[in-house]
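See below for the structure under consideration.
Here, each number is a calculation from the coordinates, and none is a lab measurement. It should be emphasised that the depicted structure is a prediction, and the values quoted were computed from it without experimental measurement. Because the Cβ atoms are built from the backbone with ideal geometry, glycine has one as well, and the counts that use them run over all protein chains shown.
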Amino acid sequence: MNDLEPLDAAYVADVLSRPPFVTIDGVINVRDLGSYLSETSPGDITRPRFLFRSAELSGITKEGEHQLKTLGIATVFDLRSDTEIHKYNTPQPAIDGVEIIRAPVFQTEDYSPEMMAKRYQLYASGKTEAFMELYSQILDHGSLSFGTILRHIRDSPTGGCILHCTAGKDRTGIIAAILLKLAGVANSAIAEDYALTRVGREPAREMIMARLSKEPLFASNNEAALNMFTCRHETMLAFLSLLEDKYGGVETYAKQRLALSDDDLSKIRSNILVPSASRL
């Protein structure tokens, strides 16, 4: 499958119609992080209809709001920065009965022209080592927002939540990987989940390219723009190795960077996992 070529429309429609993808009208790349087997807690799976991931919710329709609440989602975590929300004019809509929590990974000062040029150059290369530099930045800058999400899961075991950034790939992919890794999900399954964004973002391909065409680095370089949205299986495997080698593994990262205790992590796991007989 060529990362730079459009996918067959029938194939995309078929994949999007099946789990783990779910439908929220007006939102792309929505999937349930439930039903993944835990290797560290045999017989358990990640709880269905508890944790979801997606791209931005700015285009959600009234039907989509109804679908979101029908899925049991009570909380939305928005990982986007104020800068990009303003730049793309994509404010987070209020949804009756749903709590919206702003949890930006990057702050306004992280969007200087120099920092953005460097970040875009890394994305444009499409190389695994470039993505590892970017993903290390996300781990370093995202400690406050990731800590907020994990504490919510610790303290709110009943209501479902959805995590999103703009495309639902990098920032969302990192926190999704952290949650699945804490639950004991195999690296291969985490990488497969990450790679599904290749299909999940396809309905927004033209919109994504139109946005990037306004950036000088991408305006005349289609390949560089598409490299920014690659989501290869091996990229996530490399990230999980980075998490282990540079940060001491997911538990050490959570304890040292997010100030969580062993008891916190135990409670988070308990809230995420259910016996496989609970599979829906």
When the charge dipole of the chain is computed with +1 on Lys and Arg Cβ and -1 on Asp and Glu Cβ about the Cα centre, the Cα farthest towards its positive end, among Gly160, Leu260, Ser81, belongs to Gly160
Ranked by GNM mean-square fluctuation in the chain (Cα springs under 10 Å), the top entry among His233, His86, His164 is His86
What helix-only [θ] at 222 nm does the chain give? Using -39500 (n - 2.57) per DSSP H run of at least 4, over all residues, to the nearest 500, the answer is -14500 deg cm²/dmol
Going residue by residue through region 64-75, the Karplus relation 6.51 cos²θ - 1.76 cosθ + 1.60 with θ = phi - 60° gives ³J(HN,Hα) values, rounded to whole Hz and with x marking Gly or Pro, of x, 4, 5, 5, 4, 6, 5, 6, x, 7, 10, 9
Here, trypsin sites (Lys or Arg not before Pro) of region 37-134 satisfying both criteria (DSSP loop; at most 16 other Cβ within 10 Å) are Arg49, Lys127
Expected vector for region 85-100, Karplus 3J(HN,Hα) from phi with 6.51, -1.76, 1.60 and θ = phi - 60°, integer Hz, x for Gly and Pro, equals 4, 5, 4, 9, 6, 10, x, 6, x, 6, 10, 4, x, 10, 7, 9
Too long for a 28 Å Cα-Cα cut-off, among Lys62/Lys214; Lys118/Lys169; Lys69/Lys127; Lys62/Lys118; Lys69/Lys118, are Lys62/Lys214; Lys69/Lys127; Lys62/Lys118; Lys69/Lys118
Listed residues Asn29, Asn222, Asn187; largest mean-square fluctuation, Gaussian network over the chain with Cα springs below 10 Å, found at Asn222
Pseudo-spin-label distance Arg49 to Ser112, built 7 Å along Cα→Cβ, given in nm, is 4.9
